[in-house]
1. Determine, yes or no, whether Glu102 is among the charged types (D, E, K, R), surrounded by fewer than 16 Cβ atoms within 10 Å (Cβ to Cβ) and over 30 Å from Val58 (Cβ atoms).
2. Considering only the stretch 38-62, state which residues are at pLDDT 95 or above and part of a strand (DSSP E or B).
3. With the requirement that a residue be among the polar types (S, T, N, Q) and either outside the structural domain of Ala196 (by TED's automatic domain parsing) or in contact with a Gly (Cβ under 9 Å, 6 or more places away or on another chain) (or both), what does the stretch 240-263 give you?
4. Any residue at all in the stretch 240-247 that is in a loop (DSSP other than H, G, I, E, B) and over 35 Å from the mean Cα position of the chain (by Cα)?
5. Which residue pairs have Cβ atoms closer than 9 Å, lie 6 or more positions apart in sequence or on different chains, and pair a first residue in the stretch 216-241 that is aromatic (Phe, Trp, Tyr) with a second residue that is surrounded by fewer than 17 Cβ atoms within 10 Å (Cβ to Cβ) and modelled with pLDDT under 95?
6. Can you tell me which residues in the stretch 236-249 are touching a helix residue (DSSP H, G or I) at 6+ places or on another chain (Cβ under 8 Å), surrounded by fewer than 20 Cβ atoms within 10 Å (Cβ to Cβ) and not polar (S, T, N, Q)?
Amino acid sequence: MHTLPRSRFLAAAFMLLAAFAFFTLNVSPAAANTSIDIEKHTNGFDADTPEEAPILQVGDQVVWEYIVTNTGFGPGRGLTITVTDDQGVEVICTIDYLDVGETTTCYGYGIAEAGLYSNVGCVEGIDIRDGVVSDCDPSHYYGETPPPPPPSGGGQGCTPGYWKQEHHFDSWIGYSPSDSFDAIFGVSYGGTLAEAAGAKGGGANALARHAVAALLNSATGGVDYLYSTADVISMVQAAFASGDFNGTKDLFEAQNEMGCPLN
Ligand SMILES: [Ca+2]
């Protein structure tokens, strides 16, 4: 068996190492450049930090973009690229092939939740030659709870004198001049709504005409009326039950004379 002197063996081993290093560093320069990039956006904002988070209203649609760029990865032999989201957002993405220098965008969808929301999109590429490369990028939004709608302040009302006129009957919404007053309000008074609107005198008659005006003011979208239709009906029922017509009449009258926006 032929054996090399120890010094020649070491020299050969060194040559092999040098050759390996040469091939690793020079013959496969692509390995050093291998990379893939992902930029994740929320509703168009990169928003990498919480400070950059766009403000959304709770319930708004959220669109996440996962923008993947092949910045120098793989010749494409057995290339696979997958995109995931750390919060479990379903990433809609089909990357059959992504050449070096090419970019594609994947999408995820959600509904804005309250408070600061953060998720991270990650891409992983696997190639026969280059192995595994990956990149991750976060984005944020802040979900703001919309303020409740301001309570209807009222401030408008049309008078019985307006509503009783026949040429204003086209402003009646939801009720007809010929409807029975008693059927609508659930009381015993008599006559139609139109007759009640034109009733003269005090007591029950004064309440009846203002009740009809209040009812019609509450039912039309054209008048910003203080009371709802349900309020008006229950107030009328309470007045008839108690016999105190004047107190309720005064309340309606104050609102019915606030100013009529209808023509
Ligand atoms: Ca980002």
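1. When the stated conditions are applied, Glu102 passes them.
2. Hits for the stretch 38-62 are Ile38, Glu39, Lys40, His41, Thr42, Phe45, Ile55, Leu56, Gln61, Val62.
3. Once the filter is applied, which keeps residues that are among the polar types (S, T, N, Q) and either outside the structural domain of Ala196 (by TED's automatic domain parsing) or in contact with a Gly (Cβ under 9 Å, 6 or more places away or on another chain) (or both), the stretch 240-263 yields Asn246, Gln255, Asn256, Asn263.
4. Yes, there is a match, as at least one residue in the stretch 240-247 is in a loop (DSSP other than H, G, I, E, B) and over 35 Å from the mean Cα position of the chain (by Cα).
5. Going by the 9 Å Cβ cut-off, the qualifying pairs are Tyr225/Ser152; Tyr225/Gly154; Tyr225/Gly155; Tyr227/Gly154.
6. Across the stretch 236-249, the qualifying residues are Ala238, Gly247.
The values are calculated or read from the model by the stated rules, or taken from the named source; none is laboratory data. Just so we're clear, the structure is a prediction, and the values are computed from it rather than from any experiment. Here the Cβ is made from the backbone with ideal geometry for all residues, glycine too, and neighbour counts use every protein chain on show.
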